Amino acid sequence: MSYIIKGETGDWEVVIGLEVHAQVISKAKLFSGASADFGAAPNAQVSLVDAGMPGMLPVINAHCVAQAVRTGLGLKAKINHRSVFARKNYFYADMPQGYQISQYDQPIVGEGTIILDMPDGSTRAIGVERLHLEQDAGKLIHDRHPRESFVDLNRSGVALMEIVSKPDLRSPEEAGQYLRKLRSILRYLGTCDGNMEEGSMRCDANVSVRPVGATELRTRCEIKNVNSVRFVMQAIEHEAARHVDVWESGGKIDQETRLYDSNKNETRSMRSKEMAHDYRYFPDPDLQPLEFDDAFVAKIKADLPELPDDKKARFASEFGLSAYDAGVMVAEQANADYFEKVAKISGDAKLANNWVANNLFAVLNAKGVGVAESPISADQLAKLLVLIKDDAISGRQAKDVFEIMVATSQDPDKIVEERGMKQITDTGAIDAAIDQIMAANADKVEQYRAGKVQVMSWFVGQVMKATQGQAKPAVCQELLKKKLTP
Ligand code: MN
């Protein structure tokens, strides 16, 4: 399923690499003890280090280092036991030090892989180039005063993991899948909350195009700080089309940094792209090279949770889910846990998958809540499935019970009991209903006997109606056949 842009002169493909800045889950900042919590009053969480006061020395936060290693392990990446912090020099009003402490040619994590789960059930392996640790800048606030801007340094010094993909992505769809999968892995690991709207995960997209079949890379543009998966996909689609237009009209693409405007669905030039040498990177003299031993990594490795890919494989083999269904179910850990509980208690994983993926997710999506706020607990849904499996209620009744559970959060047993919804197993009651319906519809009986067997479904419907849906359709059909056959 390749993504081709049809141009005037031929077919083009898009080449995408993503740089994700993921805010590390940590109580304190990367090089100071100030709180990294979101939402405090402006400048309430700023140490002298974060404010760039002269003579203040950074002290590495070991927890942030462990989080980066944990993430590297989750990305099946090479962990570098020795890495170096470097100064990236540039001036901006939200960064009082005049440089960002980052990592340059010796990052803490090297090459890794992210597996994309495509909608057709296939997978694609996307290379991760590196992951490095760096500090975040503060925030400029422009909308509080007509002529003045304000600086909030609460975010200054907060730990970020910059995760850089290889230019392996070939469509906006793949870019979206990559971001969702990366976010899923980070959340499983507990190293970043992945909240793009709040800015704790931010994405820059490097986009270029080339004629289908070409192997060289053409000039790329970098689209900065797009704050949702959907906007990243839109921005790439738009930017790729712009490149094709420029190349085909005989122009050339300048390497530059562009901003995506989601209101107008267009990208605008922000600045011509700076090169690495513009930043005059050099090892930070205030910090030792970062070194740790095998035991440090082994301890973190021993503590890793079951990650989405492994869980997906297990759900497929243990519960017989299709690759696609398993991929959907494991994307969020809370969903996976919920499903697994329902599957185990009910003893029917396929039924559990149908009810969770279709019925329950539809309700949660409509309410805009996650599984943690579900009106139906996993235990309750499992009980409902047991009622279905035991033939205690019909499929139609199950849907009704489910609706009542959504509205009241009551146990299904109680709902069935109180409303007398038990499926009729007493054939006498069904027999009586059939006799009545046949007597009142002699014409339909004639039709059936003349060979028009399709009226059977009409009869079944009438019996279901007469028994308020409490009869079992298969039983109705069996009894009807006996009585209708002369
Ligand atoms: Mn960065």
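The values are calculated or read from the model by the stated rules, or taken from the named source; none is laboratory data. Fair warning: this is a prediction, and the values are worked out from it, not measured in the lab. Because the Cβ atoms are built from the backbone with ideal geometry, glycine has one as well, and the counts that use them run over all protein chains shown. We work out accessible area using only protein heavy atoms, side chains counted, and drop any ligands, DNA or RNA first. Shrake-Rupley method; radii C 1.70, N 1.55, O 1.52, S 1.80 Å.
A few points about this structure:
- Flag if GLN177 is within 16 Å of the ligand (Cβ to nearest atom), crowded, with 22+ Cβ neighbours inside 10 Å, of a type in the set (S, T, N, Q) and under 18 Å from ASP193 (Cα atoms): no
- Cross-chain or 6+ apart pairs with Cβ under 7 Å, region 16-31 first and within 20 Å of ARG183 (Cα to Cα) and in a loop (DSSP other than H, G, I, E, B), then within 13 Å of the ligand (Cβ to nearest atom) and of a type in the set (A, V, I, L, M, F, W, C): VAL24/ALA159; VAL24/LEU160; VAL24/MET161; SER26/ALA159
- Inspection of region 195-202 finds a residue satisfying the criterion of being within 16 Å of the ligand (Cβ to nearest atom), surrounded by fewer than 16 Cβ atoms within 10 Å (Cβ to Cβ) and part of a loop (DSSP other than H, G, I, E, B).
- The lone exception for GLN234 - which of (1) polar (S, T, N, Q); (2) in contact with a Pro (Cβ under 8 Å, 6 or more places away or on another chain); (3) surrounded by fewer than 22 Cβ atoms within 10 Å (Cβ to Cβ); (4) not in a helix (DSSP H, G or I) it fails: (4)
- Complete set of residues in region 388-402 that are open to solvent by less than 20 Å² (accessible area, probe 1.4 Å) and outside any loop (DSSP other than H, G, I, E, B): GLN397, ALA398, VAL401, PHE402
- Here region 72-90 is the region considered, the condition is being in contact (Cβ under 8 Å) with a residue 60 or more places away in the chain and surrounded by fewer than 16 Cβ atoms within 10 Å (Cβ to Cβ), and the residue that is nearest to the ligand (Cβ to nearest atom) is TYR90.
- Verdict on TYR104 being within 14 Å of the ligand (Cβ to nearest atom), modelled with pLDDT under 95, out of contact with any helix residue (DSSP H, G or I) (no Cβ under 6 Å at 6 or more places or on another chain) and farther than 18 Å from GLY199 by Cα: no
- Selection count, region 1-28, where residues are within 23 Å of GLN100 (Cβ to Cβ) and away from the ligand (no atom under 16 Å from the Cβ): 4
- For region 124-142, the set of residues classified as out of contact with any Ser or Thr (no Cβ under 8 Å at 6 or more places or on another chain), under 23 Å from GLU173 (Cα atoms) and either without any contact (Cβ under 8 Å) to a residue 12 or more places away in the chain or within 16 Å of the ligand (Cβ to nearest atom) (or both) consists of ARG130 only.
- Residue in region 234-247 that is in contact (Cβ under 8 Å) with a residue 12 or more places away in the chain, within 16 Å of the ligand (Cβ to nearest atom) and touching a Gly at 6+ places or on another chain (Cβ under 7 Å) present: no
- Selection from region 91-101 of residues that are within 16 Å of VAL151 (Cα to Cα) and either within 14 Å of the ligand (Cβ to nearest atom) or acidic (Asp, Glu) (or both): TYR92, ASP94, MET95
- Test for MET464: is it crowded, with 18+ Cβ neighbours inside 10 Å, among the aliphatic types (A, V, I, L, M), assigned to a helix (DSSP H, G or I) and under 45 Å from the mean Cα position of the chain (by Cα): yes
- Test for LEU182: is it within 21 Å of TYR324 (Cα to Cα), touching a Leu at 6+ places or on another chain (Cβ under 9 Å) and within 16 Å of the ligand (Cβ to nearest atom): yes
- For region 50-66, the criterion of being within 16 Å of the ligand (Cβ to nearest atom), at negative phi and touching an Asp or Glu at 6+ places or on another chain (Cβ under 9 Å) is met by no residue.
- Which listed residue, of SER149, SER156, SER171, is within 16 Å of the ligand (Cβ to nearest atom) and in the same structural domain as VAL14 (by TED's automatic domain parsing): SER156
- The residue of region 419-447 that is farthest from the chain's Cα centre (by Cα), among those that are of a type in the set (S, T, N, Q) and at pLDDT below 90, is THR427.
- Among the helices (runs of 4 or more DSSP H) confined to region 277-332, the ones with at least 2 residues that are without any contact (Cβ under 8 Å) to a residue 12 or more places away in the chain and of a type in the set (D, E, K, R) are located at 308-319.
- Qualifying residue in region 430-440 (condition: open to solvent by less than 40 Å² (accessible area, probe 1.4 Å), touching a Cys at 6+ places or on another chain (Cβ under 7 Å) and not small (Gly, Ala, Ser)): yes
- From GLY469, GLY461, GLY451, residue being within 20 Å of LYS383 (Cβ to Cβ) and either in contact with a strand residue (DSSP E or B) (Cβ under 7 Å, 6 or more places away or on another chain) or outside the structural domain of ALA362 (by TED's automatic domain parsing) (or both): GLY469
- Residue within region 354-374 that is open to solvent by less than 50 Å² (accessible area, probe 1.4 Å), in a loop (DSSP other than H, G, I, E, B) and either of a type in the set (Phe, Trp, Tyr) or in the same structural domain as LYS472 (by TED's automatic domain parsing) (or both) present: no
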